[in-house]
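Contents: one structure, followed by commentary.
The values are calculated or read from the model by the stated rules, or taken from the named source; none is laboratory data. Worth saying up front: this structure is predicted, and the values here are computed from it rather than measured. Don't worry about glycine lacking a Cβ; one is built from the backbone with ideal geometry, like all the others, and counts go over all protein chains shown.
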Amino acid sequence: MTWHFPRHIWPVKEFGYPLLRLVALVECGTRALLGAAFGPDTTGELRYACRLLDRLDASMVLLADAYYDAFDFLLTVTGTGASFLLHSTRKRRPTVRRLLPDGSYLTTISAGRYRAGRGYGRLEVRIIEARMTVVLADGTRRSELWRLMTSLLDPERHPAHELLALYHRRWQTGTC
């Protein structure tokens, strides 16, 4: 098995159990498993996630963590008809194109590189910024700015506070 799922090797010795990476597509309400992809941990999550996109349809909103905000991945998600709502990486610094009444704003993301016949490629998204505060068991408070990115552009149909609550449900899929 270690030939396919290798152990980690340091300069001095090999250690640990063989590692694999698992990406699962889970329904939020029922926690039903819609699909899973896995393989060696040397392959990134996005590559495995791409194998699951054929399970999405127009009735779905894909909820995802940071590092799923890659342009090509999101373009493929929208191509399935599904919407997305995800935590954007800290590296992404979107420019406010148009401020919306609920405090969210519209911007565009792009591939960042020119593609023959397709240009630079752009995708309009909505950004919802919220300060999240967590109180730890010892009373320590930790606060940070979270930036959610979504393809649900209409603030009247999809108010920011409802999308924040929906994104919070994502965390509950991992608990039994």
- [ ] Among the residues of the stretch 20-54, write down those that are at pLDDT 90 or above, among the basic types (Lys, Arg) and loosely packed, with under 14 Cβ neighbours inside 10 Å.
- [x] Arg47
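Suppose the filter is part of a loop (DSSP other than H, G, I, E, B), within 16 Å of the chain's Cα centre (by Cα) and either without any contact (Cβ under 8 Å) to a residue 24 or more places away in the chain or not assigned by TED's automatic domain parsing to the domain that holds Val23 (or both); does Ala66 pass it?
Working: part of a loop (DSSP other than H, G, I, E, B): yes; within 16 Å of the chain's Cα centre (by Cα): yes; either without any contact (Cβ under 8 Å) to a residue 24 or more places away in the chain or not assigned by TED's automatic domain parsing to the domain that holds Val23 (or both): yes.
So Ala66 passes the test.
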TODO: Determine if the stretch 20-43 includes at least one residue that is under 23 Å from Leu166 (Cβ atoms), in the same structural domain as His158 (by TED's automatic domain parsing) and either within 16 Å of the chain's Cα centre (by Cα) or of a type in the set (Asp, Glu) (or both).
DONE: no
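For the stretch 71-90, give me the residue count where each residue is part of a helix (DSSP H, G or I) and buried (at least 19 other Cβ atoms within 10 Å of the Cβ).
Looking only at that region, the number is 3.
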Open item on the list: For the stretch 104-126: of the residues being surrounded by 13 or more Cβ atoms within 10 Å (Cβ to Cβ) and outside any strand (DSSP E or B), which is modelled with the highest pLDDT?
Closed with: Ser104
